[in-house]
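Asks: My questions will all concern the structure given below.
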Amino acid sequence: MTAIPDGTPSGRDLEVRELRELVARIAADPSSWRPLARPDTSARHFEQLWRDDHVDVWVITWASGNDTGFHDHDLSRGAVAVVQGEIVEERLVVGGPSHRLTRRAGDAFDFDASHVHRMCKDDAVLAISIHAYSPP
């Protein structure tokens, strides 16, 4: 695992804004995540970039047809930066239809612990994203 980027608060859980800033800083430094991407995968591939008592960071490679199913992140807040290709996020909406969002390379988004969503890969172009969660 690599070191967490300079400027990231330590010794406490991070807020969603801080998580979004963290994934953006990592996304801007391909040398930190590119070696962990798996361009030859046919399944969703996870590599942990960082973990301590307060935050964990993952590099995820997405292939066509990958789908997380609807899920929450228990007590964790999170943020995602798409660094290559595109993935689809579908957010559950209480009392209404789910909200489908296409997340493209350069996009970053965050969510709190009450968030329920699914992420999937619809097209055939490989995608890579950086995910950070706090607490882990």
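Asks: Name every residue in the stretch 92-128 that is among the β-branched types (Val, Ile, Thr) and under 16 Å from the mean Cα position of the chain (by Cα), in order of residue number.
Replies: Within the stretch 92-128, Thr102, Val116, Ile128 qualify.
Asks: Same structure again: For Gly65, indicate whether it is exposed (fewer than 14 other Cβ atoms within 10 Å of the Cβ), over 21 Å from Arg17 (Cα atoms), small (Gly, Ala, Ser) and free of Cβ contacts under 8 Å to residues at least 24 places away in the same chain.
Replies: Criteria not met by Gly65.
Asks: Since Glu47 meets every condition but one in (1) touching a helix residue (DSSP H, G or I) at 6+ places or on another chain (Cβ under 8 Å); (2) open to solvent by 40 Å² or more (accessible area, probe 1.4 Å); (3) outside any strand (DSSP E or B), which condition does it not meet?
Replies: Exception for Glu47: condition (3).
Asks: Starting from residues that are part of a strand (DSSP E or B) and open to solvent by 40 Å² or more (accessible area, probe 1.4 Å), keep the ones in the stretch 68-87 and report whichever is nearest to Pro35 (Cα to Cα).
Replies: Once the filter is applied, the top-ranked residue is Gln84.
Asks: List pairs: first in the stretch 28-48 and modelled with pLDDT of 95 or more, second surrounded by 13 or more Cβ atoms within 10 Å (Cβ to Cβ) and in a helix (DSSP H, G or I), Cβ under 7 Å, 6+ apart or cross-chain?
Replies: If the second residue must be surrounded by 13 or more Cβ atoms within 10 Å (Cβ to Cβ) and in a helix (DSSP H, G or I), the pairs left are Trp33/Ile26; Glu47/Leu36.
Asks: Being of a type outside the set (Gly, Ala, Ser) and either under 15 Å from Leu22 (Cβ atoms) or at pLDDT 95 or above (or both) narrows it down to one of Val94, Val88, Val125, so name that one.
Replies: Only one candidate passes the filter, namely Val88.
Asks: Arg12 - would you say it is at pLDDT 90 or above, open to solvent by 70 Å² or more (accessible area, probe 1.4 Å) and part of a helix (DSSP H, G or I)?
Replies: no
Asks: Please verify whether Leu101 is open to solvent by 30 Å² or more (accessible area, probe 1.4 Å), assigned to a strand (DSSP E or B), under 30 Å from Arg12 (Cβ atoms) and among the aliphatic types (A, V, I, L, M), treating the condition exactly as stated.
Replies: yes
Asks: Can you go through Arg17, Arg77 and tell me which one is charged (D, E, K, R), touching a helix residue (DSSP H, G or I) at 6+ places or on another chain (Cβ under 7 Å) and either more than 13 Å from Leu126 (Cβ to Cβ) or at pLDDT 95 or above (or both)?
Replies: Within the list Arg17, Arg77, the selection yields Arg77.
Asks: Sticking with this structure for a sec: Out of the residues in the stretch 104-120 that are assigned to a loop (DSSP other than H, G, I, E, B) and either free of Cβ contacts under 8 Å to residues at least 24 places away in the same chain or at negative phi (or both), which is most open to solvent (accessible area, probe 1.4 Å)?
Replies: Looking at residues that are assigned to a loop (DSSP other than H, G, I, E, B) and either free of Cβ contacts under 8 Å to residues at least 24 places away in the same chain or at negative phi (or both), I get Ser114.
The values are calculated or read from the model by the stated rules, or taken from the named source; none is laboratory data. The shown structure was predicted, so the numbers you read here are calculated from the model rather than taken from an experiment. A quick note on method: Cβ atoms are made from the backbone with ideal geometry, for glycine too, and the neighbour counts reach across all protein chains shown. The accessibility values were calculated without ligands, DNA or RNA, using every heavy atom of the protein model including side chains. Shrake-Rupley method; radii C 1.70, N 1.55, O 1.52, S 1.80 Å.
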